[in-house]
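A short worksheet on the structure shown next.
The values are calculated or read from the model by the stated rules, or taken from the named source; none is laboratory data. All values reported here derive from a predicted model rather than from experimental measurement. For neighbour counting, all protein chains shown are included, and Cβ atoms are generated from backbone atoms with ideal geometry for every residue, glycine included. Accessible surface areas use protein heavy atoms only, side chains included; no ligands, DNA or RNA. Shrake-Rupley method; radii C 1.70, N 1.55, O 1.52, S 1.80 Å.
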Amino acid sequence: MLDGKKIVLGITGSIAAYKSCLIIRELIKRGAEVQVVITPSGKEFITPITLSALTHKPVVSEFFSRRDGTWNSHVDLGLWADAMLVAPCTAATLGKFANGVADNMLVTTYLSMKAPVFIAPAMDLDMYAHPSTQANIEKLRSYGNHFIEPQTGFLASGLEGKGRMEEPETIVEVLENFFNDAQELAGKKIMITAGPTYEKIDPVRFIGNYSSGKMGFALAEECRKRGAQVTLISGPVQLKASAEIRRIDVESCQEMYDAATEIFPQADASILCAAVADFRPETIAEKKIKREKDDLVLRLCPTHDIAYTLGNAKGERQILVGFALETNDEAANARRKLAEKNLDFIVLNSTRNEGTTFCSDYNKVAIISAGDAIEYDKKTKAEVAVDIIDRLCVEFEKKKK
């Protein structure tokens with residue numbers, strides 16, 4: 001649990017500040033010691049008296065407590081804490097964090113923090129989607145901060161969209177998972193693609209495949225457990241990911257290609273688990289195609305080869321992992337793909353293994369590299385993810401040499 005952990009809880013001026021009381025209760029219930037640092041605007045939404053009653057500590061807000069020279073040391077707080085959690089975090093505070101605008105006690109505490117920092121944004125949907133907010137989030141991610149993604153839901157403005165702060169119990173579980181799980185991949189940035197792509201024929205039809213995304217999501221969760229900062233690029237699936245996993249939803253190969261090529265340069269490792277369509281209709285009908293005769297001819301053209309593109313762009317310190325789902329000549333086809341795409345290793349599975357691959361909770365794989373091939377028994381996809389990420393950790397060790 002969080003027994004004995006010292007947590008600095010930052011609270012900013014958001015209507016979601018009332019949820020901070022529930023966060024404090026959950027942290028203390030799990031054994032943590034909590035010190036609140038609140039911005040001046042945060043005190044407009046929730047009183048220091050309430051927060052102090054819950055934490056049994058004076059709330060820190062101002063640089064100077066009294067007129068007698070007593071002051072609050074942001075440096076001491078940065079050394080005291082095992083983690084800093086900012087929940088809720090407004091767009092204004094994100095901007096100050098990202099640009100070092102140290103005009104209040106919370107920002108100076110953040111800038112002095114030696115421990116991991118977790119940020120749970122809360123704001124209206126347009127503010128969250130604005131390019132300046134997203135740029136600040138990306139900058140803060142690059143500094144090693146952990147983001148707890150906001151959810152889509154009903155907002156204080158009366159609108160509905162992404163910007164609602166994650167629920168208190170989930171936020172606390174993120175911290176608990178961080179301290180409980182092995183942190184072999186702490187500080188590593190990992191990109192994972194998952195699920196199918198849909199290539200439109202007309203407004204109501206598409207070319208697709210049976211991928212459920214379960215393998216890719218299992219890999220994302222395993223990387224998250226080991227401390228990595230995970231970006232999950234997912235095609236259309238009915239799955240949920242943990243709050244601290246950054247998720248980008250896409251539909252077509254073009255959208256997945258755009259997202260992957262944007263994220264890849266910053267990634268230490270990329271795992272290409274998505275079942276991306278190899279072909280798309282050459283033209284997309286603007287209206288639903290009516291059944292007017294007995295046959296319909298579709299002219300197809302190739303989609304982007306994402307693995308090939310990333311393999312050519314791969315840096316010396318980057319790791320690129322591919323997947324090969326085959327129906328025949330499995331090993332030969334996988335080795336060909338391994339070489340052509342400049343992969344570090346490839347995960348091979350086959351449709352001939354009954355009860356595995358598409359839509360199943362199970363998989364049976366072989367991990368193939370230029371130097372070896374290891375076959376594994378049929379396992380749950382969560383267990384297969386452990387095997388794959390174990391191998392990824394081995395590859396990271398090789399890169400150190």
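Checked against the criterion of being of a type in the set (D, E, K, R), more than 23 Å from Ile15 (Cα to Cα) and open to solvent by 10 Å² or more (accessible area, probe 1.4 Å), the stretch 167-183 contains one or more residues that satisfy it. None of Ser73, Ser157, Ser132, Ser112 is surrounded by fewer than 20 Cβ atoms within 10 Å (Cβ to Cβ), at pLDDT 95 or above and of a type in the set (Ser, Thr, Tyr) except Ser132.
The set of residues in the stretch 208-230 that are without any contact (Cβ under 8 Å) to a residue 60 or more places away in the chain and open to solvent by 20 Å² or more (accessible area, probe 1.4 Å) comprises Arg224, Lys225.
Residues that are open to solvent by 30 Å² or more (accessible area, probe 1.4 Å) and in contact with a strand residue (DSSP E or B) (Cβ under 7 Å, 6 or more places away or on another chain) were ranked within the stretch 242-256; the one that is farthest from Glu176 (Cα to Cα) is Asp249. The number of residues in the stretch 84-109 that are within 20 Å of Ile245 (Cα to Cα) and at pLDDT below 95 comes to 0. Out of curiosity, is Ala120 out of contact with any Phe, Trp or Tyr (no Cβ under 9 Å at 6 or more places or on another chain), farther than 19 Å from Asp268 by Cβ and of a type in the set (A, V, I, L, M)? In short, no. Whenever a residue of the stretch 40-58 is under 19 Å from Arg30 (Cβ atoms) and without any contact (Cβ under 8 Å) to a residue 12 or more places away in the chain, its partners that are in a helix (DSSP H, G or I) and open to solvent by less than 70 Å² (accessible area, probe 1.4 Å), lying with C-beta atoms within less than 9 angstrom and at least six residues away or across chains, give the pairs His56/Ile28. Of the helices (runs of 4 or more DSSP H) lying entirely inside the stretch 283-401, those carrying at least 3 residues that are over 18 Å from Phe264 (Cα atoms) and within 25 Å of the chain's Cα centre (by Cα) are 381-400. Against the test of being under 24 Å from Gly315 (Cα atoms) and either of a type in the set (Asp, Glu) or open to solvent by 10 Å² or more (accessible area, probe 1.4 Å) (or both), the options Asp372, Asp377 yield a single qualifying residue, Asp372. Here Phe217 does not qualify as modelled with pLDDT under 95 and among the aromatic types (Phe, Trp, Tyr).
Summed over the stretch 27-56, the residues that are open to solvent by less than 50 Å² (accessible area, probe 1.4 Å) and within 25 Å of Phe97 (Cβ to Cβ) give a count of 14.
Table: residues versus (1) more than 16 Å from the chain's Cα centre (by Cα); (2) within 24 Å of Leu348 (Cα to Cα); (3) open to solvent by 50 Å² or more (accessible area, probe 1.4 Å); (4) touching a residue at least 40 places away in the same chain (Cβ under 8 Å).
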{"site": "Ala186", "(1), (2), (3), (4)": "no, no, yes, yes"}
{"site": "Asp202", "(1), (2), (3), (4)": "yes, no, no, yes"}
{"site": "Asp258", "(1), (2), (3), (4)": "yes, no, yes, no"}
{"site": "Ala269", "(1), (2), (3), (4)": "no, yes, no, yes"}
{"site": "Phe279", "(1), (2), (3), (4)": "yes, yes, yes, yes"}
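For Thr283, the conditions (1) closer than 23 Å to Lys162 by Cα; (2) open to solvent by 90 Å² or more (accessible area, probe 1.4 Å) all hold with the exception of (1).
Only one entry in Leu325, Leu296 is modelled with pLDDT under 95 and out of contact with any strand residue (DSSP E or B) (no Cβ under 8 Å at 6 or more places or on another chain), namely Leu296.
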